[in-house]
Amino acid sequence: MPGLANTVKGLWSLIVGLGVTGVEFFRPQLTVHYPRKEVDNLATYRGHIDLVARDDDPLTPRCIVCRKCVAACPSGCIAIESRLVGVEPSGDARELSLAPGLIVTGSHAAPPPRQKIRREVASFNLNYNLCSLCGLCVQTCPVDSLAFSREVYLCGSSRADFEFELLERLRRRAAAGGQRAA
Amino acid sequence: MTLTEIINHPLTRLVLGLVLILVFVGVNGLILVWMERKVVGFIQRRPGPYEVGPHGILQSLVDGVKLIAKQLVTPRGADRFLFWLGPMLSVTPVVICFLPIPFSPALTAMDVNLGLLLILAFSSVNVLALCAAGWGSNNKYALIGAARAVSQSVAYEIPLLLSVLCIAFQTGSLSLSAIAQGQSQGVLSWNLWVQPLAFVIFFISATAETNRAPFDLPEAESELTAGFHTEYSGMGFGLFFLAEYTYMIVVCSVATALFLGAHDGPFLPGPWWFVLKVYALILALMWFRWTFPRVRFDQLLNLCWKWLIPLGLVNLLATALVLKLVE
């Protein structure tokens, strides 16, 4: 009698189901009564991006102005202005090796001298109105200079309120003490 | 005519009973909607309505105000008469269904000796209301919902009657008060112990008759938008909603009176026990709703025609046989 066995099995499954929901009924709730209670799981919150400061200097971002984030951003919401800090000869930079017979060193077609060009951020503009929070900029940054902020209570009444200058934010944060975004 | 005579007059009693029933129906509708939402909340481990009043107790009242304030729209091409007859017809007979329910020997609005028949007859009117609403809406979802409601109701009325008949055979009466009196000698005198199969059949059929999940095919949201009440706005929908919850009380009251000893119980006065048992059954209905997924239509009818009706018939025959042998 496979039909009867199936029926008994089916009926038993109904009781099992009732048991599951019955147990869940008495277990504690998972909902946070939000305005009355604070949420504490902000470690994984992905807010807008923020600059991360250097370990030795809380006022300077780690950013090396490679502009990979600008290239990676699909919404085009990042704009970086930089200034040249200096050109210094570098011992560890490898010389470009070109065929020595073709190009004479010192001629106008010769490769540039071995040197390191250092730039620093003059302003790092984020237009948060356009951002889709994909996080590609954070992923591509080679020096981990970008991180998601944990600013949950972000509100504003105009578009201009969401156009951030991140360098300024970094300095303000450093002045306020403590480095929240990391 | 003295005051006592006026109060004891059947007509006064009937009018008083009707007024009390209307109050009971309204208040119960509010409480049950709140209770249902709380139950589903707890089962899904969230608080349910919480903001309006302490623990959201006033939520359904506020929802009711919202429904009353909404505009009543009649869709183009609808049968205006049938469309508005539907919701009214679904609520009105409910009030009559409460008349013979024995909350206690004294607290029975109208003690008729055919009370059970009265309830069964008038609760079937609901199907007609759903049918009128579905047909009058001029909407394919509503029409399919109505067709489902009718075939489901026709099918499940049979096992319902078969299980009720077992009790009627056994007690030799169709009066709910008499049936309740018969089981007032403690827990062991309840009909549940004599007719467990009839109780199970009755409860399953009652779930189907009240269109409750897992048998809520007439209003299956995922397939039919809202089934027969797709086109109703405001209190048109509100009345169907009220009727659904009131029918839940009716079937659970009948189940209590037939199987669970009605107002029988220790310590507390009778009516409290009655209401307590009714609410326990309703809680079980809600528990079913948020546990079991909706059945398919063929499964629904298979369950009825292949299982409940044969089992009900066997149970009825066995009851008749045993009664004959005992005599």
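A few remarks follow.
- Condition broken by B:SER123, with the remaining ones in (1) touching a Cys at 6+ places or on another chain (Cβ under 9 Å); (2) without any contact (Cβ under 8 Å) to a residue 60 or more places away in the chain; (3) not hydrophobic (A, V, I, L, M, F, W, C) satisfied: (2)
- Residue tally, condition under 16 Å from the mean Cα position of the chain (by Cα) and among the charged types (D, E, K, R), over the range B:242-280: 2
- Scan the range A:70-101 for residues that are in a strand (DSSP E or B), surrounded by 12 or more Cβ atoms within 10 Å (Cβ to Cβ) and at pLDDT below 85 and the total you get is 1.
- From the list A:ARG67, A:ARG27, the one residue that fits, being over 30 Å from B:GLN299 (Cα atoms), away from every other protein chain (no Cβ under 14 Å) and either surrounded by 10 or more Cβ atoms within 10 Å (Cβ to Cβ) or in contact (Cβ under 8 Å) with a residue 60 or more places away in the chain (or both), is A:ARG67.
- B:ARG76 within 14 Å of another protein chain (Cβ to nearest Cβ) and exposed (fewer than 14 other Cβ atoms within 10 Å of the Cβ): no
- The set of residues in the range B:83-130 that are small (Gly, Ala, Ser) and out of contact with any Asp or Glu (no Cβ under 9 Å at 6 or more places or on another chain) comprises B:GLY86, B:SER104, B:ALA106, B:ALA109, B:GLY115, B:ALA121, B:ALA129.
- Test: A:PRO58 is surrounded by 14 or more Cβ atoms within 10 Å (Cβ to Cβ), more than 14 Å from the chain's Cα centre (by Cα), outside any strand (DSSP E or B) and at negative phi: yes
- Hey, B:SER90 of a type in the set (Gly, Ala, Ser), crowded, with 20+ Cβ neighbours inside 10 Å and more than 14 Å from chain A (Cβ to nearest Cβ) or not: yes
- Enumeration of residues in the range A:115-144 that are surrounded by 15 or more Cβ atoms within 10 Å (Cβ to Cβ) and in a helix (DSSP H, G or I): A:LEU136, A:CYS137, A:VAL138, A:THR140
- Among the residues of the range B:48-73, the one identified as away from chain A (no Cβ under 14 Å) and on the phi > 0 side of the Ramachandran plot is B:GLY53.
- Among residues of the range A:21-42, those that are part of a helix (DSSP H, G or I) and over 12 Å from B:ARG45 (Cβ atoms), counted: 2
- Residue count, the range A:30-51 (criterion: more than 30 Å from A:CYS141 (Cα to Cα) and surrounded by 10 or more Cβ atoms within 10 Å (Cβ to Cβ)): 3
- Within the range B:147-205, tally of residues that are in contact (Cβ under 8 Å) with a residue 40 or more places away in the chain, closer than 30 Å to B:THR230 by Cβ and in contact with a Cys (Cβ under 6 Å, 6 or more places away or on another chain): 2
- Here the condition is being over 20 Å from the mean Cα position of the chain (by Cα), modelled with pLDDT of 85 or more and aliphatic (A, V, I, L, M); of B:LEU117, B:LEU61, B:LEU89, it holds for B:LEU61 alone.
- Single condition B:ARG45 does not satisfy, out of (1) more than 14 Å from every other protein chain (Cβ to nearest Cβ); (2) in contact with a Pro (Cβ under 8 Å, 6 or more places away or on another chain); (3) part of a loop (DSSP other than H, G, I, E, B); (4) more than 30 Å from B:GLN183 (Cβ to Cβ): (1)
- All positions within the range A:30-48 that are within 30 Å of A:GLU163 (Cβ to Cβ) and either within 7 Å of another protein chain (Cβ to nearest Cβ) or touching an Asp or Glu at 6+ places or on another chain (Cβ under 6 Å) (or both): A:GLY47
- Flag for A:GLY22 being surrounded by 12 or more Cβ atoms within 10 Å (Cβ to Cβ) and within 12 Å of chain B (Cβ to nearest Cβ): yes
- For B:LEU107, the conditions (1) at pLDDT below 85; (2) out of contact with any helix residue (DSSP H, G or I) (no Cβ under 6 Å at 6 or more places or on another chain); (3) surrounded by fewer than 18 Cβ atoms within 10 Å (Cβ to Cβ) all hold with the exception of (2).
- Unmet requirement for B:MET110, which otherwise passes all of (1) over 20 Å from B:GLU209 (Cα atoms); (2) assigned to a helix (DSSP H, G or I): (2)
The values are calculated or read from the model by the stated rules, or taken from the named source; none is laboratory data. Predicted, not measured: the structure shown is a model, and the values here were computed from it. Every residue, glycine among them, receives a Cβ derived from its backbone with ideal geometry; neighbour counts consider all protein chains shown.
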